[in-house]
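The values are calculated or read from the model by the stated rules, or taken from the named source; none is laboratory data. None of the values given here were measured: they were computed from a predicted structure. A quick note on method: Cβ atoms are made from the backbone with ideal geometry, for glycine too, and the neighbour counts reach across all protein chains shown. Just so you know, the surface numbers come from the protein's heavy atoms only, side chains and all, with ligands and any DNA or RNA stripped out. Shrake-Rupley method; radii C 1.70, N 1.55, O 1.52, S 1.80 Å.
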Amino acid sequence: MVSRSRPWGALLLLLPPLLLPAACRAGCGCAGEGGPLEPFDSLYASGVEAYYGGDFAGAARCLERALHSRRELRAARLRCRRRCRGQVRLAAPGPGPGGDLPFFGSVLGRASCVRSCEEPRLGTASRHRASEEVRADFQRRVPYSYLQRAYIQLNKLEEAANAAHTFFMANPEHMEIQQDIENYKTTSGKVNLIDREAKQYMEDYTAGVRHYDKEEYELAIDFLERALKGYYSEDEDCQIMCEGPQRFEEHEYLEYKAGLYEAIADHYMQVLACKHDCVRELATRSGRISPIENFLPLHYDYLQFAYYRVGDYVKALECAKSYLLFHPDDEDVLENAGYYKGLLEGTMDPDTIKPRKEAKMLLRRHKLESHLLQVAAAGLGYTYTEPNYWNRYGARQDEHSVPSSVSSEPEDGPRLSLTKKPMPKPDRELKEGGPLLYSDIKFVYNSQQLNGTQRVLLDNVISEEQCQELHRVASGIMLAGDGYRGKTSPHTPNEKFEGATVLKALKYGYEGRVPLRSARLFYDISEKARRIVESYFMLNSTLYFSYTHLVCRTALSGQQERRNDLSHPIHADNCLLDPEANECWKEPPAYTFRDYSALLYMNADFEGGEFIFTEMDAKTVTASIKPKCGRMISFSSGGENPHGVKAVTKGQRCAVALWFTLDPLYRELERIQADEVVAMLDQEHLGPSDMNINPKDEL
């Protein structure tokens, strides 16, 4: 295994070994250089086996060949299917008996063409049918995780850094990797890392938007036009790749007895659904589940305004009309189109300027696909719901901000169809400044003073005596790795993490292993915190516990010298922070149901450990908070509040971490059980702690 003493040790995620095909147990040598392409799953398995066997050079070689094989497999299939499309045209059926023979003859001819083209390079089709698990690994870029670890052992830091960066771009939830990538940059002296699986059209789009935001309109146009060209090329490839094997979810293949037209319909409708979904596929960043909303139309929206700013009114009108194909009722772009027409009158007929042909063709095809899918759903028993592929107003901030106006423009000048995008619009009105409920609590800072949104800092939430008592309870009930799937150093190898839940504390108290009143204090304190958060943020519905955890992190002696990592890397609590894209993806494995978070600190006798808020880039610190007994920071859990913890370099830092939800379906199960234990204790007159959590002295 890789030494944990290296600064990038957090990258070394323990992954289970794969089941290896017998032909490859001897290592990568099973893959010959000549003859048909070696299956990528076999090479992958050989690479993993070599890695766990300590043959890091062999692992790197096999994994690189696996990645190359997968790329070459796709390229060969595209090449052959595209060639056979041109060589064998599908014939139209004729009238009368045997009229369908020309059509089916051309189908058979194309099938023969594809097979004769593919087999010399690929071998039999069955050689390349990888399992779902292996295909999922490549989709999530897991081979790059192995690869970067192998390169570490080979001291090839530049290759390791690029592999780590490639893995991270599809897995931003692995927050600790970001810090380790910074270490790679420092160690190897390389600042610009390469995403080896980057989609070029997506890179061009991002660059175009970046130049647009800087008002560098000519550069923005160059990149956005290149992105459009790449998009339509990728769309054609996606359509072709959908013509491969499909999975019949409702039928076992060997028992499938459908008639000719049923079998054709079954297969074609799955192909058609795949093609129809290319719009979503092309708008989705690698490793993500959710697409960038309104992705293709946004190209034309940016371009129509950029062309206007460089004085090309013909192109501006052309792009505005192209955008209106997708959103014909967009008032802002309709107004812009009218404005551009006015600028062109007298020099040419604006009506001769048409939307772009490729946009019209794609939209026409997409509507026909949708029609056929819905007909099939109604007549053949399929279940199909048409998604809104061109949704303009998503709930999540997927794009860079777009200026709503430019001060130098006249009032009747053009505008963009999108104003500057706000953070994700919640399903509730955001408020703060409600009563703190308890007279001894001291208000410190609000959101504005903390340079953010939905933030509050409070002191004296609990007393010094309660901090000490809670710390004594923690010492008696905490278990190393509790709450972190048993990992004693889940975020950094330089600290040990210990934790315990409310239910565990109450059980230990009931069993007499810790003082019962002290165990009850943990329960009462967390309930007090919940009430404060619910009241201060003026929530109109009940705030439920999602997870409650008493956690201590201890600096490990001998591992603090020259330390430059974080105790807890920058992250958001209900979405996957993607600093490179300046986005936060609200999708699994993030705890998307969390709405508010709070941290109640128990001590200050340690070094480091400051809580920090940052911008979405995970670098720009907007607020830093030094923990101390009774201090509580609370905030909304979304991408508006990225946060982390600086390294604890000496001593032990303890806190009660609380996450809340407004959705009762996601109530913490252990909390419900703890409520039952407390009710039982009250019935047995074992009583609460000395702390009164009822806000009788409400402000």
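Gain on full extension, evaluated as 0.36 nm per residue between Ile672 and Leu334 minus their Cα-Cα distance, stands at 116.2 nm. Rounded to 0.05, the FRET efficiency of the Asn388 and Arg71 pair, given R0 = 51 Å and the Cβ-Cβ distance, is 0.95. Centre-to-centre separation between the Cα atoms of the stretch 44-66 and those of the stretch 608-660: 40 Å. The label-point distance for Glu158 and Leu372, in a model that sets each label 7 Å from Cα toward Cβ, rounds to 4.9 nm. With R₀ set to 30 Å, the beta-carbon distance separating Glu119 from Glu281 gives a calculated FRET efficiency near 0.60. Taking max minus min of the alpha-carbon positions on each principal axis, the stretch 446-603 gives extents of 51, 47, 31 Å, largest first.
Considering all different alpha carbon pairs of the stretch 551-610, the Kirkwood hydrodynamic radius works out to 14.4 Å. Calculated FRET efficiency, Ala604 and Glu684, Cβ-Cβ r, R0 45 Å, to nearest 0.05? The computed FRET efficiency comes out at 0.75. The accessible-area ordering, largest first, of the residues Leu219, Leu556, Leu539 stands as Leu219, Leu556, Leu539, per a 1.4 angstrom probe.
Work out, step by step, the length gained on full extension between Ala91 and Glu197: first 0.36 nm times the residue separation, then minus their alpha carbon distance; give nm to one decimal.
Numbers: separation 106, 0.36 × 106 = 38.16 nm, distance 3.85 nm.
Gain on stretching Ala91 to Glu197: 34.3 nm.
The largest accessible area among Asp459, Asp222, Asp213 belongs to the first residue in Asp222, Asp213, Asp459, and the rest follow in falling order (1.4 Å probe, all chains). For the stretch 46-127, would you read off the P(r) tail past 18 Å as a percentage of all alpha carbon pairs? It works out to 60 percent of all Cα pairs. Compute the length gained on full extension between Glu133 and Asp213: take 0.36 nm times their separation in residues and subtract their Cα-Cα distance, giving the result in nm to one decimal. The span from Glu133 to Asp213 would gain 24.7 nm if fully extended.
Would you compute the Debye intensity of the stretch 283-394 from its alpha-carbon atoms alone, equal scatterers and no solvent, and pass along log10 I(q)/I(0) at q = 0.15 Å⁻¹ to two decimals? Treating every Cα as an identical point scatterer, log10 I(q)/I(0) equals -0.74.
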